[in-house]
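Colleague: Quick one: the structure is below, questions incoming.
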């Protein structure tokens, strides 16, 4: 089952699966999504009445989650969840899900959830989206991955959408097509002539249940050229670029009469980076060239991304403060402890606070 | 079996500490800050921090740095859930104390710990 949470997540889920369950705080926004199956309106009320949207607030999304947490945690077991980190609904509800998942002892393989995350393009999207994303990446997402209780997490990026000025619906179609091609690996193994290795539905589900980021991509493979170069030149630009992989899966589709041994070079590449991939080689009579589908599992989102998000959101905050000051807003007097402030500055510069470190070691019973 | 007296053991320890490089000092330093703040600090966090501190860009080197410290009994690497968390040992604490007092290296900020503390 596919579950779409919030506006962006629902649009992707409905395109991917005509029976997708769509969840939103806003009825108006939910009605704008075409397709999909069951629709759940997450009700959040304040002292002023029912909210008609999340106002980009993670807190409102999180309150909505608290009202339906038991039902949602049951619903996501072994299924796929799509959401964006920018708005309030997807971010807030999934933050609640991930926080609860992190607290669980051990989620069985068959019950792990696959998460499709749509990240805003920090350079051109609103400040709230960037702040929401940073808080999500450094908080609930990191905790959930550290707990090992999620399945694969795919980080879709809106970068290409903004850079190439692609319409939202067209871009969503591109994301879904790319995802479908990756998800068709076990079906292709079942339907086509098998030449080497094998990836059945069970192997594929096991791969999807691993608690790592998944970067999948596709390329026409030329065995005469190094695989690494071809892979790097063909990273999926709908996703964030990957870090060094920890695990990998690949499917080689060979045209009729093509070289069925070309996959050894791919295995040798993965061996050189100490990764043992799951793989299969099939014959695809519709193709003219060798086609390779690769999925790389890597650990944690690159720290540089959070830094990038932080930098942009700080720029926005500075600009806002500057505007406030220029408009002669009366600022409250702050009581500043100079010693604490000096320590903060020293810490931010990375200076060793000798006393503090030795005191910590003593407190921990290590000295 | 060959016997080693306390004086020789002390010399060996000083020699081991003398050979520690900046990357290894930073592991001991960040592991202490993390444990002091009750935050789990794992190999992936270390990789991100060492990369951001421009000490290394490869995971293999990070593993080498951590492995050497574990072999010297200066840190423990514990498999917890699906992460390898880093804990400083009593010997590691002594080594860190020695380096800090010698003022051999300056600490660098850990982006991971900074984000956790916010």
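The values are calculated or read from the model by the stated rules, or taken from the named source; none is laboratory data. Source: prediction; values computed, not measured. No Cβ is skipped: glycine too gets one built from the backbone with ideal geometry, and neighbour counts run over all protein chains shown.
Colleague: Report whether or not residue B:60 is more than 9 Å from chain A (Cβ to nearest Cβ) and free of Cβ contacts under 8 Å to residues at least 40 places away in the same chain.
Modeller: No: the conditions fail for residue B:60.
Colleague: Answer yes or no as to whether residue B:45 is facing another protein chain (nearest Cβ under 9 Å) and touching a helix residue (DSSP H, G or I) at 6+ places or on another chain (Cβ under 6 Å).
Modeller: Working: facing another protein chain (nearest Cβ under 9 Å): yes; touching a helix residue (DSSP H, G or I) at 6+ places or on another chain (Cβ under 6 Å): yes.
In short, yes.
Colleague: One residue is enough: does segment B:22-33 have a residue meeting the conditions part of a loop (DSSP other than H, G, I, E, B) and at negative phi?
Modeller: The answer is no; no qualifying residue exists.
Colleague: For residue B:28, are the conditions met, namely being in contact (Cβ under 8 Å) with a residue 12 or more places away in the chain, within 14 Å of chain A (Cβ to nearest Cβ) and under 12 Å from the mean Cα position of the chain (by Cα)?
Modeller: So residue B:28 fits the description; yes.
Colleague: Let me ask something else. Is it the case that some residue within segment A:172-190 is more than 21 Å from residue A:16 (Cβ to Cβ) and surrounded by fewer than 19 Cβ atoms within 10 Å (Cβ to Cβ)?
Modeller: no
Colleague: So which of B:8, B:22 ends up being within 13 Å of chain A (Cβ to nearest Cβ), surrounded by fewer than 20 Cβ atoms within 10 Å (Cβ to Cβ) and out of contact with any helix residue (DSSP H, G or I) (no Cβ under 9 Å at 6 or more places or on another chain)?
Modeller: Among B:8, B:22, only B:22 is within 13 Å of chain A (Cβ to nearest Cβ), surrounded by fewer than 20 Cβ atoms within 10 Å (Cβ to Cβ) and out of contact with any helix residue (DSSP H, G or I) (no Cβ under 9 Å at 6 or more places or on another chain).
Colleague: Limited to segment A:187-218, what total is found for residues that are touching a helix residue (DSSP H, G or I) at 6+ places or on another chain (Cβ under 7 Å) and at pLDDT below 95?
Modeller: So the answer is 9.
Colleague: A further question on this structure: Is it the case, given these coordinates, that residue B:69 is more than 30 Å from residue A:109 (Cα to Cα), under 12 Å from the mean Cα position of the chain (by Cα), within 11 Å of another protein chain (Cβ to nearest Cβ) and assigned to a helix (DSSP H, G or I)?
Modeller: Working: more than 30 Å from residue A:109 (Cα to Cα): yes; under 12 Å from the mean Cα position of the chain (by Cα): yes; within 11 Å of another protein chain (Cβ to nearest Cβ): no; assigned to a helix (DSSP H, G or I): yes.
Against the criterion (more than 30 Å from residue A:109 (Cα to Cα), under 12 Å from the mean Cα position of the chain (by Cα), within 11 Å of another protein chain (Cβ to nearest Cβ) and assigned to a helix (DSSP H, G or I)), residue B:69 does not qualify.
Colleague: Residue by residue through segment B:77-118, note down the ones that are within 7 Å of another protein chain (Cβ to nearest Cβ), closer than 18 Å to residue B:21 by Cα and assigned to a strand (DSSP E or B).
Modeller: Correct list: B:88 only.
Colleague: Here is a further query. Would you tally the residues in segment A:109-127 being modelled with pLDDT under 85 and surrounded by fewer than 19 Cβ atoms within 10 Å (Cβ to Cβ)?
Modeller: So the answer is 6.
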